[in-house]
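Here's the structure, in structure tokens; my notes come after.
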Amino acid sequence: MNIYINSIYILGNSETMKNKILFGVSLLFGLMFINAGLNKFFNYMPPPENLPENLMKVMEAVMTIGWLMPLIGIAEIVGGILFITNKYRALGAIIIFPIMIGILLTSIMNAPSGLPLTLILLAINLWVIIENRAKYLPMIQ
């Protein structure tokens, strides 16, 4: 009897456990993007010295377009803040998704060593998008 009650209790709380895990992952993910966005404005994290030369050329080219880095930084900060909140997480995931695609393509083309972390971040972003798919359906119907 006790085992049966405990198994019902565990099964009944699996949704709340999933929500707790999702919140923890979303908090870390959001903070990572907030940090990256703030770094675009305050430049407090110097780039690593061992970056591939072709990646350095890409970064220099992006920085020559004066408005692009602030735009990406604002999108990362806003998307990160929204990603942390439960109510607006779906919007934050959509704001961050194009940035994630850019990070993925940059990792594939210029810095394959960063690909494992990029794939983990992309999986988190896609997980949140899939979890919130019902919120996106009215936009495409």
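Please work out which residue is surrounded by the most Cβ atoms within 10 Å (Cβ to Cβ), limiting yourself to segment 114-141 and to residues that are polar (S, T, N, Q) and part of a helix (DSSP H, G or I).
That would be Asn125.
What pairs come up if the first residue lies in segment 113-137 and is among the basic types (Lys, Arg), the second is surrounded by 12 or more Cβ atoms within 10 Å (Cβ to Cβ) and modelled with pLDDT of 95 or more, and their beta carbons are under 9 Å apart, counting only those six or more places apart or on different chains?
Arg133/Ala90; Lys135/Ala90; Lys135/Leu91
Please enumerate the residues belonging to segment 68-98 that are crowded, with 20+ Cβ neighbours inside 10 Å and of a type in the set (Lys, Arg).
The answer is Arg89, and nothing else.
When the residues of segment 103-113 are narrowed to those that are crowded, with 16+ Cβ neighbours inside 10 Å and over 16 Å from Gly80 (Cα atoms), which ends up modelled with the highest pLDDT?
So, considering only residues that are crowded, with 16+ Cβ neighbours inside 10 Å and over 16 Å from Gly80 (Cα atoms), the one modelled with the highest pLDDT is Leu104.
In segment 53-91, how many are among the polar types (S, T, N, Q) and assigned to a helix (DSSP H, G or I)?
2
Taking the options Asn39, Asn35, Asn54, name whichever one is polar (S, T, N, Q) and farther than 25 Å from Ala123 by Cα.
Asn54
Answer yes or no: is there a residue in segment 88-97 that is closer than 30 Å to Glu53 by Cα and not β-branched (Val, Ile, Thr).
Yes: segment 88-97 contains one or more residues that are closer than 30 Å to Glu53 by Cα and not β-branched (Val, Ile, Thr).
The values are calculated or read from the model by the stated rules, or taken from the named source; none is laboratory data. What you see is a predicted model, and the numbers here were worked out from it, not measured in a lab. Every residue, glycine as well, gets a Cβ built from its backbone with ideal geometry; the counts of neighbours run over all protein chains shown.
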